[in-house]
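First the structure, in the form of structure tokens, and then the observations on it.
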Amino acid sequence: MQSTRNKLIDILSNNSDTYISGQAISEQLQISRSAIWKHMKELEKDGYVIEGKSKRGYRILEYPNKLSGNTIKWGLETEWLGKEIIYKDTLKSTQILAHELAQGHAQHGTVVVAGEQTQGRGRMDHTWESSKEKGIWMSFILRPEIAPNQAPQLTLLAATVLAEVLRRDVGVVPMIKWPNDLLINRKKCAGILTEMQAEQDQIWYVVLGMGINVNHTLDDFPKDLHSRATSLKLETDKTWEIRDLIQKILVTFERTYNTYLDNGFSVIKERWEKDGFRIGEQIKIKTLRDKWEAPFLGIAEDGALQTKTPNGEETKLYSAEIDW
Ligand code: BT5
């Protein structure tokens, strides 16, 4: 259940350009005018700047800097992604909470964001360093009507979204390393983790996690990542507003996801290959059983890595580590 305070913020956010009268709020929330006034005073204590004008009503002028479900929603121009945002200062992993919520009744497009993760995870049993308020640690709950074997395409889709935001809004040159790494100047700046629950021919839900290093200095990374990891701050010498970047990612993701559902994977494949790292070049491939070098021929229509076997025959790989 949404609290009255959150409903009040929703109403004010939806009317951010205009004043909304005390009467209208009172009718929508079924509370008295004096109760509204008390809530407004509490919001001001939280850092909201609210203007109240007699005869016109109320409007929010400024949101607190602090990250929260409400501040992320403020001015968020999406239709379905992030209509429900769950923000926690600390979580083991946004993936874990998102799975729990998805197994309940969480709606398609629910977003889980954490200030820090104490057990952030990558693929297999890799860990993901997620230091406090330095980056974007978030997971989306999606209920896509696609076949389970198409789910890996969502990882590649998410990578194109991050690449677009990094290029357009941050001004860096991103490269996507198959399947789920975003690199800037050959160092990893973001990773994507797609997990799903499905039956043979039907997806129940997908939890798509993104970790993006935003305001880290080198000291914020453990030593073993110093030569391999980077952040937007390290690359641009600027501190970035996390809330603003989250909004940009949500808007771009929603648009790209809608395009994908309407038109299929080929548009995404094209975008991916534009930013794909080392396409056409020789790469080192490691699977569970083998290690070899072969050319990276591109990605297949289903998102698989197209390359050659150690014997030189063309093949598709669905799971592998690549290096150069
Ligand atoms: C990934 O795995 O790159 C997927 C990362 C997904 C993280 C998000 S954060 C929100 C959501 N909640 C979670 O718990 N996870 C998701 P993988 O390709 O397996 O890469 C992991 C490897 O990257 C590690 O083994 C390290 O070598 C390296 N690494 C760990 N933390 C890093 C960081 N912050 N920046 C760059 N590299 C990192």
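Values in this text are rule-based calculations from the coordinates and carry no lab data. What you are looking at is a predicted structure, and each value in this text was computed from that prediction instead of being measured. Because the Cβ atoms are built from the backbone with ideal geometry, glycine has one as well, and the counts that use them run over all protein chains shown.
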Inset, instruction - Order the peptides 310-320, 61-71 from the highest to the lowest mean number of other Cβ atoms within 10 Å of their residues. - result: 61-71, 310-320
Legend entry - Part-to-part distance (alpha-carbon centres) for segment 25-50 and segment 90-155, which is given in Å: 33 Å
Legend entry - Under the Karplus curve 6.51 cos²θ - 1.76 cosθ + 1.60, θ = phi - 60°, whole-Hz ³J(HN,Hα) for segment 157-172, x wherever Gly or Pro sits: 4, 4, 5, 5, 5, 5, 4, 4, 5, 4, 6, 6, 9, 9, x, 10
Legend entry - Qualifying trypsin sites (Lys or Arg not before Pro) in segment 91-153, DSSP loop, other Cβ atoms within 10 Å at most 15: K92, K132
Legend entry - Sorted by Cβ neighbour density within 10 Å, fewest at the top, the residues W324, W74: W324, W74
Legend entry - Length gained when the stretch E199-R289 is fully extended (0.36 nm per residue, less Cα-Cα span): 29.7 nm
Inset, instruction - Label the chain by shape, choosing from rounded, prolate and oblate, from the square roots a ≥ b ≥ c of the eigenvalues of the Cα gyration tensor; if a/c is under 1.5 it is rounded, and otherwise prolate applies when a/b is larger than b/c, oblate when it is not. - result: prolate
Legend entry - Candidates G303, G211, G264: whichever shows maximal mean-square fluctuation once the chain is modelled as a Gaussian network with Cα springs under 10 Å: G264
Legend entry - Gap separating the Cα centres of segment 282-324 and segment 220-261, nearest whole Å: 27 Å
Legend entry - DSSP bridge pairs, the chain: antiparallel proportion in percent, nearest 5: 85 percent
Legend entry - Listed residue pairs exceeding 31 Å between alpha carbons, taken from K7/K177; K223/K316; K45/K132: K7/K177; K223/K316
Legend entry - Where labels lie 7 Å past Cα in the beta-carbon direction, separation of K38 and S21 in nm: 2.4 nm
Inset, instruction - Under 1.5 on a/c is rounded, so check that first for segment 77-198, then, if it is not, pick prolate when a/b is larger than b/c and oblate when it is not; a ≥ b ≥ c are the square roots of the alpha carbon gyration tensor eigenvalues. - result: rounded
Inset, instruction - Would you mind classifying segment 4-62 by shape? Square roots of the alpha carbon gyration tensor eigenvalues, ordered a ≥ b ≥ c; an a/c under 1.5 is rounded, otherwise it is prolate if a/b is larger than b/c and oblate if not. - result: rounded
Inset, instruction - Considering the options G69, M124, I85, tell which one lies farthest towards the positive end of the dipole of segment 69-227, charges being +1 on Lys and Arg and -1 on Asp and Glu at the Cβ, about the Cα centre. - result: M124
Inset, instruction - Loop only per DSSP, at most 13 neighbouring Cβ atoms within 10 Å: give me the GluC sites (Glu not before Pro) in segment 141-202, ordered by residue number. - result: E145, E199
